[in-house]
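Visitor: Okay, here's the structure, questions in a sec.
None of the figures in this text is laboratory data; all of them are computed from the coordinates on show. Here the structure is a predicted model, which is why all the values come from computation and not from measurement.
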Amino acid sequence: MWVFGYGSLLWNPGFAFEDKKIAMMQDYARSFCMRSIHHRGTVEHPGLVLALDGMSGASCEGVAFKVKAGLEVQTLAYLRERELVSSAYLERDLPVQMVGGETVEAVSYVIDPAHDQYCHLDLEEQAQIISTAVGGRGPNTEYLHNTAQHLADLGIEDADLNWLSHRVRALCA
């Protein structure tokens, strides 16, 4: 079993894995398009978290994690509890192409564009929200900066996340 990580799973997978590889998912973009009312915000002051937003021609580079053999059922239960807390994400098995060319099906969490937590905001609006929101798992800024740093450490370029990280630091200074 493979799991595709593109946001917090990059730096906090929370499950045992035996391999991980840089991977690309086609026709989805990494986007702060999900209002977070649990983990990085509240109902009164929603934050934003990343989701895979379906977009023809787009691509998202992340990490494919190979779940440790024998822990597939336990890992899936953990991921469902973590990721499906509000049903804004849809669980899908989607193809990802790993560096080297191999393609595997990976458990992936994509946004439901019909869900009321889905949003499409410009980068400045995202920065304003992220700079002040706090939820059950901590500040929205921590989520942004950890994800941006881990993408950089992996050699994955994400211009929007880099811009947001710099802008949010400036707003919080």
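Visitor: In Å³ and rounded to a whole number, note down the convex hull volume per residue for the Cα atoms of region 95-139.
Guide: That works out to 165 Å³ per residue.
Visitor: So for region 73-173, averaging the separation of alpha carbon pairs under 8 Å that are six or more residues apart and normalising by length, what relative contact order in percent results?
Guide: 18
Visitor: What is the Cα coordinate range of region 41-97 on the first, second and third principal axes, sorted by size from largest, in whole angstrom?
Guide: 41, 32, 15
Visitor: Indicate, rounded to the nearest 5 percent, the antiparallel portion of the DSSP beta bridges found entirely in the chain.
Guide: Details: 34 of 37 bridges.
In the chain, approximately 90 percent of DSSP beta bridges are antiparallel ones.
Visitor: Could you give the distance between the Cα centres of region 61-121 and region 122-168, to the whole Å?
Guide: Region 61-121 and region 122-168 have Cα centres separated by 20 Å.
Visitor: What is the log10 of I(q)/I(0) for the chain, computed with the Debye formula using one identical point scatterer on each Cα and no solvent, at q = 0.08, 0.11, 0.19, 0.20 Å⁻¹?
Guide: Per q value, in the given order, log10 I(q)/I(0) is -0.22, -0.43, -1.32, -1.46.
Visitor: What is the extension gain from Gln26 to Arg80, computed as 0.36 nm multiplied by their sequence separation minus the C-alpha to C-alpha distance, in nm to one decimal?
Guide: So the chain would gain 17.1 nm between Gln26 and Arg80.
Visitor: Can you tell which of Leu79, Leu151, Leu90 shows the greatest fluctuation in a Gaussian network model of the chain with Cα springs below 10 Å?
Guide: Taking springs between Cα atoms under 10 Å, the residue moving most is Leu90.
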